[in-house]
1. At a Förster radius of 45 Å, what calculated FRET efficiency corresponds to the Cβ-Cβ distance of THR181 and GLU51, to the nearest 0.05?
2. Points 7 angstrom from Cα along the Cβ direction at GLN39 and SER247: gap in nanometres?
3. Students often get this wrong: which residues of the stretch 196-232 have the backbone nitrogen under 11 Å from the point 7 angstrom along Cα-to-C-beta of ILE160?
4. I'd like to compare 210-220, 180-190: which one has the highest average count of other Cβ atoms within 10 Å, and what's the full order after that?
5. Non-local amide H neighbours of GLY155 (under 5 Å, H modeled in plane, Pro and chain starts lacking H): which ones?
6. If R0 is 35 Å, what FRET efficiency do you get for SER190 and ASN271 from their C-beta distance, rounded to 0.05?
7. Each residue of the stretch 171-185 in order: what ³J(HN,Hα) in whole Hz does its phi give by Karplus 6.51 cos²θ - 1.76 cosθ + 1.60, θ = phi - 60°, with x for Gly and Pro?
8. Where does the stretch 136-229 land on the Kirkwood hydrodynamic radius, alpha-carbon pairs, in angstrom?
Amino acid sequence: MLKKNTYILLAVLFSLLFSFESKGQCVEGDVIIPNCIQQGISTTFYNNTDETAVLSSGPNNNSCTIEYEWVVYDYWTGVSWGPFFTNDLMFTFPDTGTYEITLDIDIIGGSNNSCCPGGGGQASAIENDYESFYIFIPYDTLEIQLNATTEICEGETIDINSIGLGYSGNYGNVTYNGISTPSGLNWLTSLPPTETGVIVTITDDSTGCTDQDSIAISFLPPAINPNITASATTIYCADDSINFTASPYDPLLTYSWSINNTFINNGESINPNFNWYVNNGYNNVDVNLEVSNSTGVGCPGFASETIAISSTAPFVLDDSNYNYDPILDAYTFCNQVDSSSSQIWVNTNDTAGVDSIIVSWGNGITQVITEDDSISNFHTIIGNISTSLTNLTFTTYSSN
């Protein structure tokens with residue numbers, strides 16, 4: 001008796017064989033061979049032969065028909081089954097090993113009849129095609145092994161080397177893939193804590209057989225649950241300053257900050273520059289914080305704060321140095337476009353530290369408001385305007 005390894009080698013060789021002998025002009029046999037054929041299980045080989053070239057009737061109006069004849073032959077014992085005169089072959093292989101299957105295609109058309117264009121002859125049956133191929137029935141069943149559960153941290157991916165992934169009963173290279181449950185996500189990506197498990201499927205490239213198993217996912221709690229305190233939640237001007245502070249803060253842990261997943265800095269707090277996001281039309285940005293242990297012990301903690309970016313900046317009366325205009329020798333602020341007076345009333349800051357304001361109404365009229373005009377009543381002056389304001393410019397002069 002041949003050893004199993006010899007059978008495997010023969011099976012690999014047989015899988016490369018796909019031969020046919022053409023005896024005519026009309027058709028060439030084509031068979032769809034299923035994957036993972038097993039002993040004792042009914043298997044169907046589908047006939048995919050193209051019959052369009054065969055005429056429906058010959059010159060003498062006699063019908064043209066196609067006859068398919070299947071024979072199954074056990075390569076090792078010499079036992080054969082058939083012929084089976086069916087379009088498709090349904091067969092249950094009684095044992096493992098290698099089998100040869102033949103498909104003989106005959107075109108029946110009567111004497112002196114040509115059922116193939118350009119053909120002819122006196123024979124009533126034309127043997128148009130003969131096809132033979134080999135099938136290997138595996139001795140072993142492909143089986144996958146997995147641990148029952150695995151533990152991961154939020155934001156991490158599954159380590160396939162730590163889940164007990166193994167297999168047996170394969171005859172060729174084994175590939176594997178998996179999806180999470182219940183969302184069906186790629187198992188080798190960062191999974192959200194809403195996922196409860198993974199279904200892993202393995203495939204034997206030689207036999208086409210597959211097997212699958214599932215593993216439960218348990219998300220470990222983070223070492224710390226951080227919070228973000230933001231000094232503001234909306235950006236009005238490109239130069240607006242917002243301070244973000246992490247709490248609680250432990251100097252033994254690493255606090256990593258990012259904006260829209262772009263790393264900014266490490267530390268307890270950050271005061272980032274938002275100019276690029278404002279100037280490139282962003283409606284909001286996400287400020288993210290990850291807190292982790294540099295020793296790798298425990299899971300990292302995460303927090304996020306969404307900052308809105310206003311499409312229409314309010315007037316901000318502020319004498320900060322970055323708003324100083326050396327040409328005007330004055331402090332200027334965000335331009336206002338298409339804002340109603342009520343918006344200005346709500347959004348304008350305190351006028352403390354400012355001794356005069358020049359208001360250009362955008363219609364050629366300019367108004368100067370000074371301390372004598374009671375700058376402290378500036379809100380009231382603006383609030384008394386009932387119409388919409390367009391292209392207004394404010395210039396303030398500091399008392400310094």
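1. Details: r = 45 Å, r/R0 = 1.01.
E(calc), rounded to 0.05, equals 0.50.
2. My value for the distance between the label points is 7.2 nm.
3. Hits in the stretch 196-232 for ILE160 at 11 Å: 201-203.
4. On the way: 210-220: 16.2, 180-190: 14.0.
Top to bottom by mean Cβ count within 10 Å: 210-220, 180-190.
5. Those qualifying (amide H under 5 Å, at least 5 residues apart or on another chain) are LEU191.
6. Details: r = 29 Å, r/R0 = 0.82.
The formula returns an efficiency of 0.75 here.
7. 10, x, 5, 10, 10, 9, 8, x, 10, 7, 10, x, 8, x, 8
8. Numbers: mean 1/r = 0.0683 Å⁻¹.
With all distinct Cα pairs of the stretch 136-229 included, I get 14.6 Å.
Here, each number is a calculation from the coordinates, and none is a lab measurement. What you see is a predicted model; the values in this text were computed from it and never measured. As a convention, Cβ positions derive from the backbone with ideal geometry for all residues, glycine included, and neighbour counts pool all protein chains shown.
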